[in-house]
Amino acid sequence: MMTFAAAVFFLIVTPGPGVLSTAGVGSAFGAPAGLRYVTGLFLGNFAVGLAVVTGLAALVLAEPAIRTVLMLASTGYLLYLALRIATAGAKLAFIEAARPPGLRDGLALQAINPKAYAVNTALFSGFPFMADAPLAEALIKIVILNAIWIPIHLGWLWAGVALRRLDLAPGTQRAINIAMAASMLIVVGLALVGMR
């Protein structure tokens, strides 16, 4: 069980679309928007976990065309989120950042987030500790996963909000938002390279 908990920690704490966008939303739009966004990510991750546990994800992702469509949708959506974060507060923006990302955006990201599927598949199919009681094991894993997932995401949100609260000069805040968006783009690039 401790090995599972350690795996959860290291798989979730490493920068991926969820944690990077959480910090970006916190930095660009503040705590209330960030909490709505994290709630959406949480609900979305829970849905992905259920899809993995029930085998639905394996059934759907077994089709290469569906995997490709999901990867393209994920890439497009991450680019969109990165653009929203990068242009938040900028006077010259390509898109209007009138509505910060919220619950719906977090749900949408997790539904098409390749890391969410990969992490949940690795965690629920690996690290067995109750082979004779798979349902009990899955329930315990869900509790452990969320006990680690929630503080990590709230920590990333806090880091983003802390940057915002520093009341930095607009140019500095804009540079931070752009750096966070660029980090998301690097994750997108790595995902696309890994797809080959």
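Worth pointing out:
- 3J(HN,Hα) along the range 54-66, derived from phi through the Karplus expression 6.51 cos²θ - 1.76 cosθ + 1.60 where θ = phi - 60°, amounts to 7, x, 4, 4, 4, 5, 5, 7, 5, 8, x, 5, 5 Hz, with x in place of Gly and Pro.
- Per residue accessible area of the chain, 1.4 Å probe, in Å²: 51 Å²
- Derived scalar couplings ³J(HN,Hα) [the range 160-171; Karplus, 6.51 cos²θ - 1.76 cosθ + 1.60; whole Hz; x for Gly, Pro]: x, 5, 4, 4, 5, 6, 5, 6, 6, 4, x, x
- Listed residues Ala28, Ala147, Ala65, most fluctuating in the chain (Gaussian network, C-alpha, under 10 Å): Ala65
- For the range 71-76, 3J(HN,Hα) per residue [Karplus equation, 6.51 cos²θ - 1.76 cosθ + 1.60, θ = phi - 60°, Hz, x = Gly/Pro]: 5, 5, 5, 4, 4, x
- Label sites at Phe46 and Ala133, each approximated as a point 7 angstrom past Cα along Cα to Cβ, lie 2.3 nm apart.
- Of all accessible heavy-atom area on the range 22-80, the percent that carbon and sulfur account for (1.4 Å): 79 percent
- For the range 99-153, with all protein chains in place and a probe radius of 1.4 Å, 76% of the accessible heavy-atom surface sits on carbon or sulfur.
The values are calculated or read from the model by the stated rules, or taken from the named source; none is laboratory data. Predicted model only: the values in this text are computed from it and were never measured. Neighbour counts are summed over all protein chains in view; Cβ atoms, including those assigned to glycine, are modelled from backbone coordinates with ideal geometry. Heads up: the accessible areas ignore ligands, DNA and RNA and are worked out on the full protein's heavy atoms, side chains in. Shrake-Rupley method; radii C 1.70, N 1.55, O 1.52, S 1.80 Å.
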